[in-house]
Amino acid sequence: MLTSLAGRTVIVTGASKGIGKGIAQVFARGGAKVAVVSRNLGEAEATAAILTGGGGTAKGFAADVSLQEDVEALATAVAAEFGGIDVLCSNAGIFPQAKIEDLSVEEWDHVMATNLKGTFLSIKGCLPYLKKSNQGRVVITSSITGPVTGFPGWTHYGASKAGQLGFMRTACIELAKYGITVNAVLPGNVLTEGLIDLGEDYCKSMAASVPLKKLGTVEDIGYAALFLASKEAAYITGQTIIVDGGQILPESLDALKD
Ligand code: NAP
């Protein structure tokens with residue numbers, strides 16, 4: 001049994017839907033005070049209302065993680081509302097598909113600004129408050145795509161997700177003196193609104209390529225994040241947890257036949 005996070009403040013970026021919403025739900029059920037963040041305030045507030053309706057403590061906030069002024073204002077507002085920041089789940093991310101020949105410089109920059117710069121800015125913005133926590137935690141949502149695997153159309157996305165891990169491996173050293181740990185969860189294919197947008201064929205073929213024969217749930221990622229944010233994970237930093245149903249392991253399609 002993990003020590004409860006009851007009363008601790010958690011910011012989850014990209015939490016109006018998808019994996020972020022799952023992370024927010026897991027932390028809210030654990031008694032944490034949850035800041036639900038997305039660019040669309042109405043959607044963030046709607047998700048926060050679901051959490052409070054279930055007996056949790058939550059509030060919606062609007063911020064674009066690619067904008068420094070937004071993230072700094074977010075950190076100030078969350079600390080004022082909940083009395084500090086103990087955990088940052090840097091989860092907001094986008095994954096538009098375009099092969100190199102069709103990939104525009106603007107789209108490359110947009111993905112990098114959201115996924116990679118957004119992680120840097122979120123940590124930088126929350127840092128003054130995480131330093132004051134006696135159990136500061138950063139949990140980054142990376143991906144198997146980039147750090148471990150590849151998929152046509154996702155050079156920019158894969159680079160951003162691998163980049164998050166390169167960033168993490170030095171950030172964890174810099175922040176260790178404040179007792180802050182920085183770790184990452186690498187989801188495989190998780191059934192979210194964003195994944196559904198990629199189409200039924202994509203989801204079906206992905207599920208078939210997973211040894212556990214199903215896509216992940218948003219809560220599967222939430223539980224891994226909860227562990228990394230727990231008191232019990234205090235001596236783990238700069239590490240990754242792959243949550244993918246075994247997807248990266250088969251050497252060929254034959255390996256999945258039984
Ligand atoms: P999703 O269903 O599309 O949800 C994305 C969330 O991020 C929404 O709340 C969205 O709200 C928010 N968001 C997007 N851009 C933002 C920005 N610039 N600033 C603040 N919030 C922003 O996506 P998902 O599938 O849950 O993916 C979430 C994270 O998991 C991403 O980092 C993704 O790379 C990673 N991941 C997902 C999978 C998967 O299978 N689903 C696998 C591996 C990794 P707004 O649009 O209102 O801002």
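Numbers at a glance
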read-out	value
Qualifying positions in region 154-197 - assigned to a loop (DSSP other than H, G, I, E, B), modelled with pLDDT under 95 and surrounded by 15 or more Cβ atoms within 10 Å (Cβ to Cβ)	N189, L191, T192
Residue check, I123 within 27 Å of E232 (Cβ to Cβ) and in contact with a Cys (Cβ under 7 Å, 6 or more places away or on another chain)	no
Filter result (closer than 25 Å to Q164 by Cα, surrounded by 15 or more Cβ atoms within 10 Å (Cβ to Cβ) and among the small types (G, A, S)) within region 202-258	G216, G222, A224, A225, A229, S230, A233, G238, G245
Residues (within 17 Å of Q247 (Cβ to Cβ) and either small (G, A, S) or outside any helix (DSSP H, G or I) (or both)) located in region 198-208	L198, S205, A207, A208
Residue check for K131: more than 10 Å from the ligand (Cβ to nearest atom), among the charged types (D, E, K, R) and outside any helix (DSSP H, G or I)	no
Residue, nearest to the chain's Cα centre (by Cα), within region 46-72, restricted to residues that are within 11 Å of the ligand (Cβ to nearest atom) and charged (D, E, K, R)	D64
Top-ranked residue in region 34-46 [being in contact (Cβ under 8 Å) with a residue 24 or more places away in the chain and surrounded by fewer than 24 Cβ atoms within 10 Å (Cβ to Cβ); ranked as nearest to K59 (Cα to Cα)]	A46
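The values are calculated or read from the model by the stated rules, or taken from the named source; none is laboratory data. Predicted model, so just to flag it, every value in this text is computed and none were measured. Here Cβ is always computed from backbone atoms with ideal geometry, including for glycine, and neighbour counts include all displayed protein chains.
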